[in-house]
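The values are calculated or read from the model by the stated rules, or taken from the named source; none is laboratory data. Fair warning: this is a prediction, and the values are worked out from it, not measured in the lab. Cβ atoms come from the backbone with ideal geometry, glycine included; neighbour counts cover every protein chain shown. The accessibility values were calculated without ligands, DNA or RNA, using every heavy atom of the protein model including side chains. Shrake-Rupley method; radii C 1.70, N 1.55, O 1.52, S 1.80 Å.
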Amino acid sequence: KNEVEQSPQNLTAQEGEFITINCSYSVGISALHWLQQHPGGGIVSLFMLSSGKKKHGRLIATINIQEKHSSLHITASHPRDSAVYICAVSRGGGSQGNLIFGKGTKLSVKP
Amino acid sequence: GAGVSQSPRYKVAKRGQDVALRCDPISGHVSLFWYQQALGQGPEFLTYFQNEAQLDKSGLPSDRFFAERPEGSVSTLKIQRTQQEDSAVYLCASSFGRNTEAFFGQGTRLTVV
């Protein structure tokens, strides 16, 4: 079993829909990251969180440490949101902070 | 520079050829990571530097892979005698320190033919 699991693997939405991507993890963490990757490879960090909730524009990320679960929400989705969204965790304890990645959720928003 | 810069963006190598991939981290970032991302998969950890010290190389898949960061800034990932299974996107990330936000480069797409 992977240490970081994302669902769904693929998601197609109509423009304007509210989108939720889920991430569950099985290891102790110091932080959880949501990343966006567009075709061509570049990765952009969206959020880094260790508790509660963060909001940036139309994006909202929440984390429940007890349940080892995080969600990324996109409100009023737009075709430009089409990308792969990756959940990654920084291990806790004595780790050096390298990230463990989920396999990603490929989001396609249709106009 | 303003962000993490990787070069080349694309590299096609013949099987058996040696390649060198470069990463220029954000100035002042202590931590530098290399990741390998196979097609359709999430990135996987290769190695980690804190300044010039390579503190973790547990993710390097074989002794054909070698990374260095001699002056604690630019890093080079070298792959010797490339094989087809080495084809992937190689991502570099840097951060101020351990467990702080990581900034990623655009990656180098390596294709071994």
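Return the pairs, sorted by first residue and then second, in which the second residue is in a strand (DSSP E or B), the first residue lies in the stretch B:91-113 and is free of Cβ contacts under 8 Å to residues at least 12 places away in the same chain, the beta carbons are less than 7 Å apart, and the residues are 6+ apart or on different chains.
B:99/A:30; B:99/A:31; B:99/A:90; B:101/A:45; B:101/A:48; B:101/B:95
For the stretch A:41-111, list the strands (runs of 3 or more DSSP E) that sit wholly inside it and hold at least 1 residues that are out of contact with any strand residue (DSSP E or B) (no Cβ under 9 Å at 6 or more places or on another chain), within 11 Å of chain B (Cβ to nearest Cβ) and among the polar types (S, T, N, Q); which are they?
No strands (runs of 3 or more DSSP E) qualify here.
For residue B:91, indicate whether it is farther than 20 Å from residue A:90 by Cβ and open to solvent by less than 20 Å² (accessible area, probe 1.4 Å).
For residue B:91, the condition - farther than 20 Å from residue A:90 by Cβ and open to solvent by less than 20 Å² (accessible area, probe 1.4 Å) - is not met.
Can you name the residue in the stretch A:1-35 that is within 15 Å of the chain's Cα centre (by Cα) and of a type in the set (D, E, K, R) and, of all such residues, is farthest from residue B:100 (Cα to Cα)?
Ranking the candidates gives A:5 first.
Go through (1) assigned to a strand (DSSP E or B); (2) more than 13 Å from every other protein chain (Cβ to nearest Cβ) for residue B:47 and report which single condition fails.
Exception for residue B:47: condition (2).
Let me confirm something: among A:57, A:42, A:104, which residue is on the phi > 0 side of the Ramachandran plot and open to solvent by less than 40 Å² (accessible area, probe 1.4 Å)?
Sole residue among the options that is on the phi > 0 side of the Ramachandran plot and open to solvent by less than 40 Å² (accessible area, probe 1.4 Å): A:104.
In the stretch B:60-92, which residues are more than 8 Å from chain A (Cβ to nearest Cβ) and under 24 Å from residue A:38 (Cβ atoms)?
B:75, B:77, B:86, B:87, B:88, B:90, B:92
So which residues in the stretch B:54-74 are open to solvent by less than 50 Å² (accessible area, probe 1.4 Å), under 17 Å from residue B:22 (Cα atoms) and out of contact with any Ser or Thr (no Cβ under 9 Å at 6 or more places or on another chain)?
Residues satisfying the conditions are B:72, B:74.
Limited to the stretch B:94-110, what total is found for residues that are exposed (fewer than 15 other Cβ atoms within 10 Å of the Cβ) and either small (Gly, Ala, Ser) or in contact with an Asp or Glu (Cβ under 8 Å, 6 or more places away or on another chain) (or both)?
Number satisfying all stated conditions: 1.
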